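Since every read-out is calculated from the coordinates, none of them should be taken as a lab result. As the structure is a computational prediction, the values presented were derived from the model and not from experiment. In this analysis, Cβ positions are derived from the backbone assuming ideal geometry, glycine residues included, and neighbour counts consider all displayed protein chains.
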């Protein structure tokens with residue numbers, strides 16, 4: 001970020017804090033509550049969908065015209081959590097777990113079947129204009145930009161839609177354009193941009209009104225590594241500079257590990273874990289991996305004594321060892337084997353998550 | 001509720017929405033500007049249809065001065081007004097209505113609904129069909145020509161009646177469009193939503209007096225065809241009553257309120273492009 005950008009961002013934060021303070025002190029009558037007051041409160045959220053069930057084929061299609069069978073999909077089945085101001089929370093779960101449905105309920109798009117929701121002091125589904133001005137909802141691979149026009153046109157439309165004063169608009173635009181490095185793309189028709197370029201413009205369009213609560217649904221979906229990194233960097237800067245609360249879903253674990261201090265694991269509409277990533281790994285992966293580099297040939301059986309050998313080459317091996325006995329086992333290996341190097345690590349987070357979801361199925 | 005700021009006073013809100021309209025429409029115009037040829041060909045096509053239809057109804061008058069109480073020039077006034085209303089429908093309503101199922105299917109509606117702007121306003125006025133903007137002018141042109149041919153003065157009161165009933169007519173067409181648009185929220189895939197409205201409006205090509213018995217009752221009471229074309233034109237021809245003006249105004253207001261209720265109710269059932 002340029003020096004100019006940084007100093008402008010500093011100014012915004014101050015201005016925003018003043019606005020927030022005014023708002024909370026009028027709402028709560030006590031500034032002390034500001035830090036304790038969660039920005040997002042979800043209590044027993046339930047959202048069910050009735051879907052038309054239909055077998056394949058023409059005959060089944062015709063039968064469906066007369067007699068429809070419905071199945072009830074429990075997309076979200078009673079989940080509760082709280083998110084404090086400035087927290088970045090990652091949503092994990094397989095496809096159809098209920099992540100997007102939860103986000104949509106929080107953004108006021110879906111009407112919950114049961115449960116109480118509070119986002120920044122509003123009930124989302126009432127879609128109060130002040131509420132909508134407080135949040136943003138960015139969806140990967142969906143398009144809000146004018147397709148045939150340069151992204152700048154959409155930015156101007158959003159300025160009017162969100163009633164952003166011109167000076168604020170220009171200052172925010174400056175910061176956002178710098179951070180996302182989209183300067184060169186602003187005057188090209190959106191249809192001529194690559195997915196990565198367009199997605200960065202989408203993100204900019206969604207943040208010009210400086211929302212305090214961000215719902216990001218797969219913001220890096222389909223992007224190449226460079227664009228993913230740019231988006232990640234930007235979200236991290238934004239949430240830090242503006243103390244914004246972020247709820248993020250992603251299929252890329254790198255997004256979650258880079259951005260979220262806390263993860264919510266949701267599966268079949270039920271919350272299975274709520275806490276930081278390290279705790280998730282400790283709780284769900286009761287093993288760690290020891291990687292040893294050997295100076296001479298060692299028999300497989302000699303290695304198997306120490307634990308479960310998951311990877312073996314001539315002069316190295318990866319062995320899974322129960323978390324509790326890791327240091328004892330490591331020191332035994334050092335004395336018993338011709339070792340030149342030892343490293344201990346958690347199994348990759350993908351494996352932990354995968355294990356979490358397969359356990360349930362198994 | 002915490003933190004709710006007072007909403008804008010009416011005048012400011014009107015100005016804000018007019019500004020939004022200007023921004024939406026200028027974006028559409030810019031996007032379409034590359035296709036100038038479309039504009040010209042569309043104008044010629046409209047003119048051709050208007051002349052064709054105007055001459056076509058002349059056939060009815062080969063055997064008499066009037067048909068069901070309507071003279072040739074009077075019928076042309078109806079046709080001109082119909083053309084203007086239909087053109088407005090095609091310019092303002094159709095481009096938005098036509099996109100509604102796409103909004104739902106592609107999830108674009110999610111963006112519309114998370115904007116701090118009245119969602120009904122956004123879905124019904126975001127796009128503009130600039131090729132049809134000439135049609136209302138052509139229609140009004142035909143009306144003026146037909147009124148001159150008829151040779152009777154149009155009083156100021158008649159003109160006021162036409163303006164009030166005309167506004168009522170457009171309100172009813174708009175309310176119908178919103179109600180039909182709401183259908184898209186219930187059933188994804190209803191591709192022919194616009195055809196539904198077109199069917200209703202098309203029936204207004206002739207005054208309701210041209211239809212008989214059951215059909216006339218249907219067009220007058222169940223479908224707002226009489227409100228859309230016959231009543232405003234009758235006002236212009238000096239044949240309306242204050243009572244009718246009041247009734248139509250009330251009907252139009254009720255239609256607008258009802259459509260807005262239907263829209264909001266339907267949003268509750270909106271379930272998004274994917275769960």
Once you average over the residues of A:128-141, how many Cβ atoms of partner chains fall within 10 Å of each Cβ? 4
Sequence ranges B:66-74, A:231-239, ranked by mean other-Cβ count within 10 angstrom, highest first: A:231-239, B:66-74
Relative contact order for chain B: what is it in percent, counting Cα pairs under 8 Å that are at least 6 residues apart? 25
Distance from the Cα centre of the range A:304-362 to that of the range A:209-239, in angstrom? 34
Separation between Cα centres of the range B:137-178 and the range B:223-250, rounded to whole Å: 10
Could you put A:268, A:37, A:67 in order, starting from the residue whose Cβ has the fewest other Cβ atoms within 10 Å? A:67, A:268, A:37
Rounded if a/c is under 1.5, else prolate if a/b beats b/c, else oblate: with a ≥ b ≥ c from the C-alpha gyration tensor eigenvalues square-rooted, which is the range A:287-345? prolate
Helix A:166-180 vs. chain A, principal-axis angle (Cα, 0 to 90°, nearest 10): 20
Ranked by how many other beta carbons lie within 10 Å on average, peptides A:166-178, B:225-237, A:312-324 from highest: B:225-237, A:166-178, A:312-324
With a ≥ b ≥ c from the Cα gyration tensor eigenvalues, square-rooted, and the rule rounded for a/c under 1.5, otherwise prolate when a/b > b/c and oblate otherwise, the range A:32-166 is oblate
Would you mind calculating the gained length between residue A:344 and residue A:67 on full extension (0.36 nm times residue separation, minus the Cα-Cα distance), in nm to one decimal? 93.7 nm
Can you sort B:269, A:273, B:127 so the residue with the fewest Cβ neighbours within 10 Å comes first? B:269, A:273, B:127
Let me make sure I get this right: for the protein assembly as shown, a, b and c are the square roots of the gyration tensor eigenvalues over alpha carbons, sorted descending. Under 1.5 in a/c it's rounded, otherwise prolate if a/b > b/c, else oblate. Which is it? prolate
DSSP beta bridges in chain A: the antiparallel percent, rounded to 5, is 70
Within 10 Å of the Cβ of an average residue in A:93-105, the count of other chain Cβ atoms is 2
Any chance you could give the angle, 0 to 90 degrees and rounded to 10, that helix A:195-207 forms with the longest Cα principal axis of chain A? 60
Treat each spin label as a single point 7 Å out from the Cα along the C-beta direction, and report the residue B:62 to residue B:247 distance in nm. 3.7
Residues of the range A:334-359 with the amide nitrogen closer than 16 Å to a label point 7 Å from the Cα of residue A:291, along Cα-to-Cβ, please. A:340-351
Note the angle between two axes, namely the Cα long axis of helix A:151-161 and the longest principal axis of the Cα atoms of chain A, as a number of degrees from 0 to 90, rounded to the nearest 10. 60
Going by C-beta contacts inside 10 Å, put A:333, B:122, B:106 in order with the fewest on the left. B:106, B:122, A:333
Percent antiparallel among DSSP beta bridges (both partners in the protein assembly as shown, rounded to 5): 70
Burial-style ranking of B:169-178, B:16-25, average other-beta-carbon count within 10 Å with highest first, yields B:169-178, B:16-25
10 Å Cβ neighbours from other chains, averaged over peptide B:114-122: 6
Alpha carbon centroid spacing (whole Å) that separates the range A:129-181 from the range B:28-87: 42
CD proxy, 222 nm, the protein assembly as shown: helix-only mean residue ellipticity via -39,500 (n - 2.57) per DSSP H run with n ≥ 4, per residue, nearest 500, stands at -17000 deg cm²/dmol
